[in-house]
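What follows is one structure encoded as structure tokens, with my remarks underneath.
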Amino acid sequence: MAGLIPQSFIDELLNRVDIVDVIGRRVTLKKAGKNHVACCPFHQEKTPSFSVQPEKQFFYCFGCGAGGNAIGFVQKFHGIGFPEAVELIARDAGLEVPQQESRGETRGSAERKGLYECLEQASKYFQRQLRRHASRRRAVDWCKSRGISGTTAREFQLGYAPPGWGNLLGELGADDASRNALLKAGLAIARDADKERKGDSGKSSLYDRFRDRVVFPIRDSRGRTVGFGGRVLDDATPKYLNSPETPVFQKGRELYGLFEARREKAGKFLLVEGYMDVIALAEAGIRNALATLGTATSPFQLQRMLRQAPEIVFCFDGDEAGGRAAWRALETVLPLMADGKSARFLFLPEGEDPDSMVRKLGAAEFLKLVDEAQPLETFFFDHLSENLDLKAIEGRASLSSKALPLVRKLPAGVYRQLMFDRLAELTGVDSKTLLSQPGERPDRGEQARNAEPPPYGMEPPPRDYPPQRQREGWQTRTPRPHNSGLVVVKLLLRASRIALAAKVDLAPLRDAGDDAGKLAVEIIEKVRSEPDIAYYTLLEVCYGKTSIRGQLTTVMTAESIEPPEHRKLELEFLQILERLVARSASKLSSDELRHKLRARTAAKHDSGR
């Protein structure tokens, strides 16, 4: 029985790989002192808040709170589990992942492993039938008629499910356990669950799902078979038959051809509608095509594509159904259109698909069509302006009402602003007026407020791009937060030695201050006792305070007015600290007075008895 990955191997793997290399293969990093920074791949942002620290072999985003080691990054980036992330990093490092027996292995993971093995055996069985079965000639002739060479068939592992109700069951269903695996993998169907065949008196309670069809294995990003698609060889229906969803196969998460296409570095993906479109394009040398699996494109699928290539070209039929599908895809991709990402739309002549077009035109001419595909903004405004008279006020107002809610879905950035500008141009309304319309909510840093604190040893990346408006000698940022204690903590972290200038008695703040004030006292006292204390030691103290660490993350990453000189920084620190101490002393006096009043009242009450 396969078990857990030994902890010793995980430790060795993390010691052998460099997190900068692991993340750098997936995100463009920029050196910033000892660390590396980038715009976070897990949320949309304009200023880099994602930091990678080689010394600690850790990453952390001060914007959304994502953090962890190399394995954690690969898990989150690819949307995979821990074992899959370990195997992916190990494969890149040229290591083989060992397994150890474990009584604690979950039933679910054991079941998934069994399903992967069952699906892989089925894939090999179908491939053998395409080469050896007595009825293979029909399938081979069909492949040749569609221009599929033996090389392409082998690359995509095409197979053949021969006629008959129990061929696969007879090959792989030797016992109850294996037959149950075929059922759970979607390769077999229970007879009593199929209403049309309830009266069948066959001996077996199961029958093969795929019969007399060319079979297309669906592989995940690691190359494991997770499901199948089957295509009839004649005019029977349904023309295509897909595996049902199983514990290892969800149609909204997988993309046909992704495993093959990810090895290409084309810089874009061409998203088509069918298996044969992908294979026909690959046969023509266009190897960056992917297909959805009979469902509308999901946000998860688009995210996977945009992480690996900055551009997606959606390819649809030019009929009405194709137009509707294209618009659904546009609405799905809008929230993902960060600066540097691109989406375009290619509409083929009615009745044509990529398979027929590439065979008719050839690869070079087809690629010209791809290059001429409509940009998202063109399709967006053309579609919304259809049947509207933009020369009339009513037409322009209608366009504005339709477009505004959609443009607001775009992430903040230059592209979003340009879309507002284009809408302003078409409607004749100033873009600032459009931005101020009801429904437009400014970004208030919600992700930063809800972020988890960074781990020990992490610090916010430097701000490489200061705001445009500046005053001489000062760097602009947003107003200082109301919690003065947190501001004192931030100033101390920026220049810990300013604590030595504090001569005020800290006892009131220690006794009556809030959590942030008490943290400030603790840091000041630590610096007084050890003036050369390491920054990371102080940071560890700060983020050990769970009650305020989320607020502290916000303060540490906020922009505000900061005097660049040490002396001005010290003066700001002393002024805020003195106010905090005075406020705490006043609170103590009030508390003491209340305590005395309560004591007098209690004494009078006792004497009156």
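Side notes on the structure shown:
- Scanning region 353-389 for residues that are free of Cβ contacts under 8 Å to residues at least 40 places away in the same chain and in contact with a strand residue (DSSP E or B) (Cβ under 7 Å, 6 or more places away or on another chain), we see that the one that is nearest to Ser145 (Cα to Cα) is Met357.
- Residue match in region 44-66 (condition: farther than 30 Å from Pro217 by Cα and among the aliphatic types (A, V, I, L, M)): yes
- Among the residues of region 136-155, those that are touching a residue at least 24 places away in the same chain (Cβ under 8 Å), out of contact with any Asp or Glu (no Cβ under 7 Å at 6 or more places or on another chain) and open to solvent by less than 40 Å² (accessible area, probe 1.4 Å) comprise Ala139, Trp142, Cys143.
- The set of residues in region 303-319 that are out of contact with any Pro (no Cβ under 8 Å at 6 or more places or on another chain) and either within 15 Å of Glu273 (Cβ to Cβ) or among the aliphatic types (A, V, I, L, M) (or both) comprises Met305, Leu306, Ala309, Ile312, Val313, Phe314, Phe316, Asp317, Asp319.
- Where a residue in region 410-427 is touching a residue at least 24 places away in the same chain (Cβ under 8 Å) and on the phi > 0 side of the Ramachandran plot and its partner, wherever it lies, is small (Gly, Ala, Ser) and not in a helix (DSSP H, G or I), with Cβ under 8 Å and at least six apart: Gly413/Ala338
- Subset of region 167-178 (residues that are within 21 Å of Arg213 (Cα to Cα) and either hydrophobic (A, V, I, L, M, F, W, C) or not in a loop (DSSP other than H, G, I, E, B) (or both)): Asn167, Leu168, Leu169, Gly170, Glu171, Leu172
- Flag for Gly104 being on the phi > 0 side of the Ramachandran plot, open to solvent by 40 Å² or more (accessible area, probe 1.4 Å) and either modelled with pLDDT under 95 or among the small types (Gly, Ala, Ser) (or both): no
- When the criteria are applied in full, Thr295 fails the requirement of being open to solvent by 50 Å² or more (accessible area, probe 1.4 Å), among the polar types (S, T, N, Q) and free of Cβ contacts under 8 Å to residues at least 40 places away in the same chain.
- Looking across region 314-370, the residues that are over 17 Å from Gln303 (Cβ atoms), surrounded by 20 or more Cβ atoms within 10 Å (Cβ to Cβ) and aliphatic (A, V, I, L, M) come down to Ala326, Leu346, Met357, Val358.
- Checking each residue in region 305-342 for being out of contact with any Ser or Thr (no Cβ under 6 Å at 6 or more places or on another chain), acidic (Asp, Glu) and under 25 Å from Arg26 (Cα atoms) picks out only Asp339.
- Every residue from region 496-513 that is closer than 13 Å to Leu574 by Cα, open to solvent by less than 10 Å² (accessible area, probe 1.4 Å) and assigned to a helix (DSSP H, G or I): Ile498, Ala499
- Test result for Val74, within 26 Å of Met337 (Cα to Cα), over 16 Å from the mean Cα position of the chain (by Cα) and at pLDDT 90 or above: no
- The listed residue being within 30 Å of Lys46 (Cα to Cα), modelled with pLDDT under 70 and among the hydrophobic types (A, V, I, L, M, F, W, C), out of Ala602, Ala534, Ala558: Ala558
- Residue tally, condition at pLDDT below 80 and either charged (D, E, K, R) or in contact with a strand residue (DSSP E or B) (Cβ under 8 Å, 6 or more places away or on another chain) (or both), over region 86-101: 3
- Region 217-256, subset aromatic (Phe, Trp, Tyr) and under 28 Å from the mean Cα position of the chain (by Cα), residue nearest to Gln303 (Cα to Cα): Tyr256
- Any hit, region 242-265, residues being farther than 25 Å from Ser145 by Cα, surrounded by fewer than 17 Cβ atoms within 10 Å (Cβ to Cβ) and aliphatic (A, V, I, L, M): no
- One residue from Leu29, Leu88 being open to solvent by less than 60 Å² (accessible area, probe 1.4 Å), in contact (Cβ under 8 Å) with a residue 24 or more places away in the chain and more than 16 Å from the chain's Cα centre (by Cα): Leu88
The values are calculated or read from the model by the stated rules, or taken from the named source; none is laboratory data. Bear in mind that the values here come from a model prediction, so they are computed numbers and not experimental data. No Cβ is skipped: glycine too gets one built from the backbone with ideal geometry, and neighbour counts run over all protein chains shown. Side chains are part of the model used for accessible areas, which takes the heavy atoms of the whole protein and leaves out ligands, DNA and RNA. Shrake-Rupley method; radii C 1.70, N 1.55, O 1.52, S 1.80 Å.
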